[in-house]
Amino acid sequence: DKELPEGVTYGDLCATGTDAIEVGGTMGITEENMEAVVDACAEHDVPLYQEPSSPDVVIDNRALEGYLIPTVFNAGSPFWITGAHKEWVMDWDRTWTEAYIVMNPEADVAEYTEADCDLGPDDVAAYAEVAERMFGQEIVYLEYSGTFGDEEIVEAAGEATDETT
């Protein structure tokens, strides 16, 4: 939903040496703008994944390697843990879930999911451990939405997991 900075192209983003590009967003996202970004990035040699925020923006594009579906562990409602997801029809052979821990209270995703962002290192480590051991999550994502993450909290999450990325 946001414009790229002046003078920056999708090609520039794809050429940064990143392992992959994740296309998503919380507010103002449509199938059309998802398709436009995926198509622009598909011209470059970088794996592309869609991270949809609702089932109505999931696109079927051959350029996508797959889908990354957030499950918000610190959401104010269980709807964002499993409720929203039961409505989605996904290509589960190409879908991975991400244990989201939203940390920036100013982010749209924090408001959208009513996330409790008042978490310390012990809280985040506990969520990460539950994500790995109880839910079998392969990915724990500390969602700071454009702000610099607290290094102590990031370290605590990393130390709490054995196999999870």
Of the conditions (1) at pLDDT 90 or above; (2) aliphatic (A, V, I, L, M); (3) open to solvent by 50 Å² or more (accessible area, probe 1.4 Å), Met27 clears all except one; give me its number. (1)
Under 6 Å by Cβ, and 6 or more places apart or on different chains, what pairs join a residue from segment 75-92 that is exposed (fewer than 13 other Cβ atoms within 10 Å of the Cβ) with one that is modelled with pLDDT of 85 or more and of a type in the set (Phe, Trp, Tyr)? none
Within segment 38-63, restricting to residues that are at pLDDT below 90 and among the small types (Gly, Ala, Ser), the one that is nearest to Val8 (Cα to Cα) is Ser53
So Asp150 ticks every box in (1) assigned by the TED database to the domain that holds Ala40; (2) farther than 29 Å from His44 by Cβ; (3) not hydrophobic (A, V, I, L, M, F, W, C) but one. Which box is left unticked? (1)
Where Val130 falls short, out of the listed (1) among the hydrophobic types (A, V, I, L, M, F, W, C); (2) part of a helix (DSSP H, G or I); (3) within 16 Å of the chain's Cα centre (by Cα): (3)
May I ask you to say which residue of Pro121, Pro105 is open to solvent by 50 Å² or more (accessible area, probe 1.4 Å) and either at pLDDT below 95 or not acidic (Asp, Glu) (or both)? Pro105
Within segment 150-165, work out how many residues are outside any helix (DSSP H, G or I) and either surrounded by fewer than 14 Cβ atoms within 10 Å (Cβ to Cβ) or touching a His at 6+ places or on another chain (Cβ under 7 Å) (or both). 3
Collect the residues in segment 67-117 that are part of a loop (DSSP other than H, G, I, E, B), of a type in the set (A, V, I, L, M) and within 18 Å of Met34 (Cβ to Cβ), keeping them in residue-number order. Ala84, Val89, Met90
Look at segment 1-11 and say how many of its residues are open to solvent by less than 80 Å² (accessible area, probe 1.4 Å) and either under 17 Å from Pro52 (Cβ atoms) or not hydroxyl-bearing (Ser, Thr, Tyr) (or both). 4
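The values are calculated or read from the model by the stated rules, or taken from the named source; none is laboratory data. Note that the coordinates shown come from a computational prediction; the quantities given were computed from them, not determined experimentally. As a convention, Cβ positions derive from the backbone with ideal geometry for all residues, glycine included, and neighbour counts pool all protein chains shown. Heavy atoms of the whole protein, side chains included, go into the accessibility calculation; ligands, DNA and RNA do not. Shrake-Rupley method; radii C 1.70, N 1.55, O 1.52, S 1.80 Å.
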